[in-house]
Amino acid sequence: MDVAFIDDDDALRAANTQALMLAGYAVTPYPSATAALAELDASFSGIVVSDVRMPGMDGLELFRRLKRMDADLPVILITGHGDIPMAVEAMREGAYDFIAKPYALDRLLGAVRHALEKRRLVLDNRALRQAAETASVDMPLLGTTPVMERLRQTLRQIADADIDVLVEGETGSGKEVVASALHRWSRRVARPLVAVNCGAVPETVIESELFGHEPGAFTGALKKRVGRIEHAHGGTLFLDEIEAMSAALQVKLLRVLEAREITPLGTNEIRKVDIRVVAASKVHLQELVRRGSFREDLYYRLHVAAVRIPPLRERKADVPLLFGHFLGQAAKRFRRPAPLITAAIRDHLASHDWPGNVRELAHYAERVALGLAEDTPPPAPDDAPTASLPERMEAYEAAQIRDALAATHGDIQATLKRLGIPRKTLYDKLRRHDIDQGAYR
């Protein structure tokens, strides 16, 4: 329900209800303040429009009771000429607006539109505060969308199975968070989680970094060094950006995975290691195997269990919750109160595709907390490629379909009703945008 409309005049109530419904609002009419109070409670997400002069409980008393129930609930009062001083007093007490009779329909529609916008902002900010207050260590994996529920369930199932895991996901999607969750939920939690970014360590030192070395193994090797693999003994080894690993090093890693043993540089000594390997890639390794740039045997050795992290654009319904968490974290770190979000920020959260995924969202929340976020996203550089209008329209349409599927848990009938399109049209769009309906069930 968008609008609760209260008026004891049957004709006026019916006419205004019809006008609001024709304008696209969901309206519930009530013949009295008592009837409205019997149904409205603190969970009401709409606004109230009420006549002032009514038998029994009048509109002013209704407003005061609603204010005690929810101080931020917008109440619009409709008054006769003699009631204007009373309405002005109600405005001082917090009524949203008053409309004097007789009034033009545009006046009512404008007041309702603005009141609903304020209401939505209030509810959005409440949701963000609640997200920040209920945050936990697993918050980056938070999500109510089906894909995130399945991801958490999968991680729980394989966490204690002591098998190697391949994690695939775009940049900033949370691959390290998944690795940390797998380690934290496993029986290896008492031993270290050792992370190595294969793309960040220079090729000249990565072998020593992984396997360790003995004194004199190479120029500059003055003392013994325990490698990351050996340091992870009893725990978990997280190899990020494994797609960047050289062919020669892939051969040596395969030997580690098969035999669970290493030979540090500068010695022939073989050392047994008890490790669980979680490897992560921001590209599909199977495609690299087809191109010949990644070993097929290593791929299948890592692919004992595979986890795909959905990009943020595929779970847009989770954006407000994550943003609320990150905004609360940032405000606490910067020692300032979390700011209220504006309509522009809310629209940006809903319309942006978040190519940098959760990491980009977290950085945006930090800018908002510092008051540095513009009302609109910064313009792209002159030399940056920009999407054409048809491409942006296609992206918006795909996002709306994904949101509807997420909200209905993949129920096609409910999705059709939500989008207001024929079944054949929906299936055509699912194929065109490569959207898997089953992923939302």
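Below, the figures for the structure above:
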{"item": "Subset tally (residues that are farther than 24 Å from ASP72 by Cβ and either among the basic types (Lys, Arg) or touching a residue at least 40 places away in the same chain (Cβ under 8 Å) (or both)) for region 333-354", "result": "5"}
{"item": "Filter result for ALA90 (under 23 Å from ARG346 (Cα atoms) and open to solvent by less than 50 Å² (accessible area, probe 1.4 Å))", "result": "no"}
{"item": "Within region 102-199, helices (runs of 4 or more DSSP H) holding 2 or more residues that are at pLDDT 90 or above and over 30 Å from ILE84 (Cβ atoms)", "result": "146-159, 175-184"}
{"item": "Test for TYR103: is it closer than 22 Å to ASP10 by Cβ, open to solvent by 10 Å² or more (accessible area, probe 1.4 Å), out of contact with any Cys (no Cβ under 6 Å at 6 or more places or on another chain) and of a type in the set (Phe, Trp, Tyr)", "result": "yes"}
{"item": "Where ASN357 falls short, out of the listed (1) on the phi > 0 side of the Ramachandran plot; (2) out of contact with any Leu (no Cβ under 6 Å at 6 or more places or on another chain)", "result": "(2)"}
{"item": "Helices (runs of 4 or more DSSP H) completely within region 331-441 that count 3 or more residues being touching a His at 6+ places or on another chain (Cβ under 9 Å), modelled with pLDDT of 85 or more and surrounded by 12 or more Cβ atoms within 10 Å (Cβ to Cβ)", "result": "357-369"}
{"item": "Enumeration of residues in region 64-73 that are touching a strand residue (DSSP E or B) at 6+ places or on another chain (Cβ under 9 Å) and either under 15 Å from ASP7 (Cβ atoms) or open to solvent by less than 70 Å² (accessible area, probe 1.4 Å) (or both)", "result": "LEU66, LEU73"}
{"item": "In region 176-199, the residues that are farther than 17 Å from SER281 by Cα, of a type outside the set (A, V, I, L, M, F, W, C), open to solvent by less than 70 Å² (accessible area, probe 1.4 Å) and under 28 Å from the mean Cα position of the chain (by Cα)", "result": "HIS183, SER186"}
{"item": "Subset of region 22-63 [surrounded by fewer than 14 Cβ atoms within 10 Å (Cβ to Cβ) and under 19 Å from LEU105 (Cβ atoms)]", "result": "LEU22, GLY24, ALA26"}
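The values are calculated or read from the model by the stated rules, or taken from the named source; none is laboratory data. Please read all numbers here as calculations on a predicted model, not as lab measurements. Methodologically, a virtual Cβ is constructed for each residue, glycine included, from the backbone with ideal geometry; neighbour enumeration extends over all protein chains shown. With ligands, DNA and RNA removed, areas are computed over all heavy atoms of the protein, side chains included. Shrake-Rupley method; radii C 1.70, N 1.55, O 1.52, S 1.80 Å.
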